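Input: a single structure, listed below in structure tokens.
The values are calculated or read from the model by the stated rules, or taken from the named source; none is laboratory data. What you see is a predicted model; the values in this text were computed from it and never measured. Cβ placement follows ideal geometry from the backbone for every residue including glycine, while neighbour counts extend to all protein chains displayed. Note: areas computed on protein heavy atoms with side chains; ligands, DNA, RNA excluded. Shrake-Rupley method; radii C 1.70, N 1.55, O 1.52, S 1.80 Å.
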Amino acid sequence: MPIGEFSLIEQCFVSKAMHQHKHTVITNGDDASVHNLPSNHELVVSTDTAVQGVHWPHDFPLEKAADRAVCASLSDLAAMGADACWAWVSVIAEHKEALQSMGQGVTNALNRYEVELSGGDTVHAALNSLNITVAGILDKGTAMQRNKANIGDKVWFLGQAGLAALGLQQWLNGEKDGEFISHFSDVFPKIQQGRVLRELGVRCCIDVSDGIVQDANHIAKASNVLMELDVEEFPNWQSLREELGTDKAMQVMLSGGEDYGLLFTAPTDMEGLDALATCVGVSLQGSGVKVQYKGEDVQLVKSGYDHFAV
């Protein structure tokens, strides 16, 4: 007898989900999940979509693609400083084998970060994709936001820039064993680090997914400041420059995307940040983003990824 939709859901998702959050009242299996919040806490929710041929190459392993899609979504919670608690995942699959592979990737990621699978859906369609909604909690009034940068703040970066973009390019070029492949295939959301930043008092932060300059622009616009960045201060600049040359290294580091690091600002007297991140610039009066290299302004070919750019 053929395996039906509900048996596949049980086999690929429900039976493999290992965690139930303590604040869940009604979990996966009903028409909706129900959750309560501890006193003086707020709910943080983010949703994202990942599509084959857009967010991962057509020949990229589906299990790995689903894993990294979940982790990319969790990175949004990290940027707010939230504890990751729940996920609702809808999987659109070309066939049962694709559903099984993506189901394994979804549960691998959620189990690794101890996040509850609280619901979702499965659909048979012509293109593999996932829609992922994640939710977390944090102390009331403490969420890190894009509009909290102040003039005079230092700008910090937690992570490495440009390596994922290089890994994707190697995969597309057929270099499946390339030295940078793992930086694209394995996403590590900075959930714990984001929580520490929030607890230290950081109030302005963004997840870097579309390129450092483009995401810095989001902070600059929301906070009405000028973000001045120094290329040479980024943690992996020297190694990238030696590997690629100055111009290519600068372009891939500042606009490559898929980094899933955290770009944030903090007052100059805030302590404890050096152990977590690298100071890469300053927030000034003005607007937009200015990038400097050896005291000169840098002009980039493009600032980051845009789904609808022509």
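Quick notes on this structure:
- Inclusion of V289 among residues that are part of a strand (DSSP E or B), more than 23 Å from F188 (Cα to Cα) and at pLDDT 95 or above is warranted.
- Figure legend. Inter-residue proximity from segment 91-114: first residues open to solvent by 10 Å² or more (accessible area, probe 1.4 Å), second residues in a loop (DSSP other than H, G, I, E, B), beta-carbon distance below 6 Å, spacing 6+ or different chains. Indicated pairs: I92/A125; E94/N128; N111/M18; E114/H19.
- Scan segment 181-212 for residues that are of a type outside the set (G, A, S), outside any helix (DSSP H, G or I), under 20 Å from V289 (Cα atoms) and open to solvent by less than 20 Å² (accessible area, probe 1.4 Å) and the total you get is 5.
- No other residue among K148, K140 is open to solvent by 20 Å² or more (accessible area, probe 1.4 Å) and within 30 Å of S33 (Cβ to Cβ) apart from K140.
- Meets criteria (among the small types (G, A, S), modelled with pLDDT under 95 and under 17 Å from the mean Cα position of the chain (by Cα)) for G256: yes
- Residue check, A84 open to solvent by 10 Å² or more (accessible area, probe 1.4 Å) and within 17 Å of the chain's Cα centre (by Cα): yes
- Scope segment 168-202; condition touching a helix residue (DSSP H, G or I) at 6+ places or on another chain (Cβ under 8 Å), closer than 19 Å to A50 by Cα and either touching a residue at least 60 places away in the same chain (Cβ under 8 Å) or hydroxyl-bearing (S, T, Y) (or both); matching residues: L168, W171, S182, F184, S185, D186, V187, F188, P189
- When residues of segment 126-137 are limited to those that are part of a loop (DSSP other than H, G, I, E, B) and open to solvent by 40 Å² or more (accessible area, probe 1.4 Å), the one farthest from P57 (Cα to Cα): A126
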